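> One structure is given below, represented as structure tokens, and several questions about it will come after.
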Amino acid sequence: MSMFSTGILVLTSPLHTLPLRIAPVLSSAAQVVERTLYVHLHPGLNLGTGGGQPRPVFIPPVVDLSSLITGLYSNAANVCGHLDVRVLLTNVRAQPNNASSPETGGTGVACNPFPSPQPLSHSPEVVLTDFALQDPGQSPLVAQCLQRYTGRCYVCTPGLASVLLHPQLQKLEEEVEKEGQKDDWDSSSERMETYSEVVVGGTFDRLHGAHKTLLNISCLLANKRFLIGVCDQELLKKKVLKELIEPYALRVQRLQEFLQDVKPSLQYEIVPLSDPFGPSVIDAQLQCIVVSEETRRGGEAVNKKRLENGLPGLVLHEIQLLKDAHHTEMEEEKISSSSLRSRLLGTLLTDPKDKSHLPLVPYVIGLTGGSGSGKSSIARQLEALGAVRINSDQLGHETYRPGEVAYNRVLEEFGSDLINEDKTINRRALGRKVFGNKERLKALTDIVWPEIALLVKERIQQAREEGKQVCVVDAAVLLEAGWTDIVHEVWVTVIPEEEAVSRIMARDGVSQEDAVRRLQSQWPNTQQVEQANVVLCTLWEPEITQKQVRKAWDLLQKRIQQSREGAKPPS
């Protein structure tokens, strides 16, 4: 079956039967769609079996719908995690905003949620449905009806294809099939209490199923305005792998796109949070805050502050956490951004820049990281896997040897009083001359760094002559020195500053103040990660680091193979 980038899934099964159908329906849809899957809900929709062309209608927000949305995102994470699933709520409304509006036909009863087709961020190329065919001969009629229905709701790609999933769903549980079909929502379903204005807060890094559940249910609850606070700056400092958190502007952009798809009728307001409360404790118009079990205390703290400010408390609407079926021992059981960030370690975050000026053999990795980050231990692990390790610190010592170019230039620049009795340069005394003086330090690095780079190139050439396949340049100053033009990829090791300080103090026997000063003289983690193709972290047990390195190495071998195959002339 052909694969489409974007699809829209029209779910027609009665609400009470959908929970057992979700997993197999999503699994089948994932065989057709490879990137974005929109989900449109219309329980009881009858496609092409009499009664003319079906029309979209408003459906009420009921408690069971909230549970269904949670189940959809939970199952999507388990069976089709590669898909960006988005449940659309344009046709979900408690009542029309204006009883005399055209969409009610003047009757006060909403009859058409789509006065014109709604544009989506990604135009659907295929429409899928779980609609159950009574007669296989009806397939062409149902497919045509489905296409027309979808075209009335959303702006789709011309030549929209259709796929009827029901033939692939024959193995559904027997009891579901015995339930029988109902024409519409179960009238006994409990209606959800909705509110004019709703607020939520979070980091919203790498928008995942738990985020989408929170946002979708908030959209269900909100009738007019939805306020979203997005953590920034101070609130990110203690996050796990904070260096891999997406920039604020990108997180906001993805939120806006998602929300505009889900429920365009709402007024959205996204604001940065520099403290845990933001506008939630001063905005008198807010009525409801959506929380989870783990953030309920935060919601209660918001209400305490509101009462102190003379404002009424907010209704706390609690949603359940989504379990992560794929979590490892070092990850949280729930679906979380920190787990997703940890899974990025060792993977290719950004494609390498064009290095066509470099020979493909050996493939050169530039490994860098702040003091105490575990960079050298990772370099040794890569060496054990078969890489040639080039230690730039050792090469730096060589540049200070008597007779070397840098030796004479350093003495000319900084004075002959640096000479030891054995004619070597007293590097500690040299350090005192440049410490805290940016101009003098630059004068030194302008002399030494180019000489180290020449030695690195010599070692790479030597590895090439010996037929070695991979070199790792272990260099703390790789980025500062501008050596990225002599490596194919940049790998960066990171750990939190407080952990780095502890390691430096224990390793070098220096004070906390000296350790902090040393870190502050280097590029911060965030700046280094911006230049990285691959990021690694040694914060956890050695076995976890080893798994990261092994993953990075195995993926590297695949990239090298692909790059060499791409470089071969056509046969």
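The values are calculated or read from the model by the stated rules, or taken from the named source; none is laboratory data. Fair warning: this is a prediction, and the values are worked out from it, not measured in the lab. Cβ placement follows ideal geometry from the backbone for every residue including glycine, while neighbour counts extend to all protein chains displayed. Note: accessible area is taken over every heavy atom of the protein model, side chains too, but ligands, DNA and RNA are not part of it. Shrake-Rupley method; radii C 1.70, N 1.55, O 1.52, S 1.80 Å.
> Give, as a single signed number, the net charge of other residues whose beta carbon lies under 10 Å from the beta carbon of residue 78, with Lys and Arg counted +1 and Asp and Glu -1.
Net charge around residue 78: 0.
> Follow-up. Given the rule -39500 (n - 2.57) for each run of at least 4 DSSP H residues, summed and divided by the residues of the chain, what is its mean residue ellipticity at 222 nm, to the nearest 500 deg cm²/dmol?
-12000 deg cm²/dmol
> If you count only protein heavy atoms with a 1.4 Å probe, what accessible area per residue comes out for the chain, rounded to a whole Å²?
Accessible surface, normalised per residue, equals 49 Å².
> Can you tell me how much longer the chain between residue 348 and residue 133 gets when fully stretched, taken as 0.36 nm per residue apart minus their C-alpha distance, in nm with one decimal?
72.9 nm
> Would you mind getting me the FRET efficiency between residue 309 and residue 508? Use the beta-carbon distance for r and R0 = 51 Å, nearest 0.05. Present the calculation step by step, with values, prior to reporting the outcome.
Details: r = 50 Å, r/R0 = 0.98.
So, using R0 = 51 Å, E works out to roughly 0.55.
> Among 228, 81, 473, which residue has its Cα positioned farthest towards the positive end of the charge dipole of the chain, with +1 placed on the Cβ of Lys and Arg, -1 on the Cβ of Asp and Glu, and the dipole taken about the Cα centre?
Checking the options against the dipole of the chain, the answer is 473.
> Further question on the same structure: Ignoring ligands, DNA and RNA, please state the percent of accessible area on the chain from carbon and sulfur, probe 1.4 Å.
49
> What aspartates and glutamates does residue 242 reach when the alpha-carbon gap must be under 13 Å and sequence neighbours fewer than 8 apart in one chain are set aside?
205, 232, 234, 497, 530
> Turning to a different aspect of this structure: Just how far, in whole angstrom, is region 458-476 from region 506-554 if you go by their alpha carbon centroids?
Computed from Cα coordinates, the inter-centre distance equals 23 Å.
> For residue 440, what accessible area in Å² do you get when you roll a 1.4 Å probe over the heavy atoms of the protein chains, rounding to the nearest 10?
For residue 440, solvent-accessible area is about 70 Å².
> Round to the nearest 0.05 the FRET efficiency obtained for residue 356 and residue 551 when R0 = 22 Å and r is the Cβ-Cβ distance. Walk me through the intermediate numbers first.
Working: r = 27 Å, r/R0 = 1.23.
So the FRET efficiency works out to roughly 0.20.
> If Lys and Arg each add +1 and Asp and Glu each add -1, what is the summed charge of the other residues whose beta carbon sits under 13 Å from the beta carbon of residue 272?
Result for the local shell: -3.
> Could you tell me the center-to-center distance, by alpha carbons, between region 367-394 and region 204-242 in angstrom?
The two parts, judged by their Cα centres, are 38 Å apart.
> Expressed in nm to one decimal, what extension gain is obtained for the pair residue 333 and residue 193 from 0.36 nm per residue of sequence separation less their Cα-Cα distance?
In short, 47.4 nm is gained.
> Over 30 Å between Cα atoms, which of 239/457; 355/547; 238/304 qualify?
Listed pairs above 30 Å: 239/457.
> Taking the Cα centre of region 195-319 as origin, work out the dipole magnitude from +1 charges on Lys and Arg Cβ and -1 charges on Asp and Glu Cβ, in debye rounded to 20.
That gives region 195-319 a dipole magnitude of about 80 debye.
> Computed FRET efficiency, Cβ-Cβ of residue 157 and residue 531, R0 30 Å: what is it to the nearest 0.05?
Computed FRET efficiency for residue 157 and residue 531: 0.20.
> So how much slack lies between residue 559 and residue 440, counting 0.36 nm per residue of separation and subtracting their Cα-Cα distance, in nm?
Fully extending the segment from residue 559 to residue 440 adds 38.7 nm.
> Here's something else I'd like to know. Using the Cβ atoms and a cut-off under 11 Å, what net charge is assigned to the surroundings of residue 434, where Lys and Arg are +1 and Asp and Glu are -1?
+4
> Also, I was wondering about something else. Restricting the count to DSSP beta bridges whose residues both fall in the chain, what percent are antiparallel, rounded to a multiple of 5?
Of the beta bridges lying entirely in the chain, close to 5 percent run antiparallel.
> Using the Kyte-Doolittle scale, which helices in the chain average at least 0.0 and also have C-alpha atoms spread 15 Å or more along the helix axis, with helices defined as whole DSSP H runs?
Working: long enough: 18-29 (16 Å, 1.20); 63-79 (24 Å, 0.74); 139-153 (21 Å, -0.15); 209-221 (18 Å, 0.88); 248-262 (21 Å, -0.23); 296-308 (18 Å, -1.75); 438-465 (40 Å, -0.37); 497-508 (16 Å, -0.80); 542-567 (37 Å, -1.28).
Both cut-offs are met by 18-29, 63-79, 209-221.
> Right, something else. Quick one: accessible surface of residue 318, probe radius 1.4 Å, all protein chains present, in square angstrom to the nearest 10.
That residue has around 90 Å² of solvent-accessible surface.
> With each label point set 7 Å from Cα along the Cα-Cβ vector, what nm distance links residue 57 and residue 316?
3.9
> Output the peptides 467-474, 214-221, 550-557 sorted from most to least packed, where packing is the average of other Cβ atoms within 10 Å over each peptide's residues.
Final packing ranking: 214-221, 467-474, 550-557.
> So, with +1 on the Cβ of K and R and -1 on the Cβ of D and E, and no other charges, what is the size of the charge dipole of the chain about its Cα centre, to the nearest 20 debye?
700
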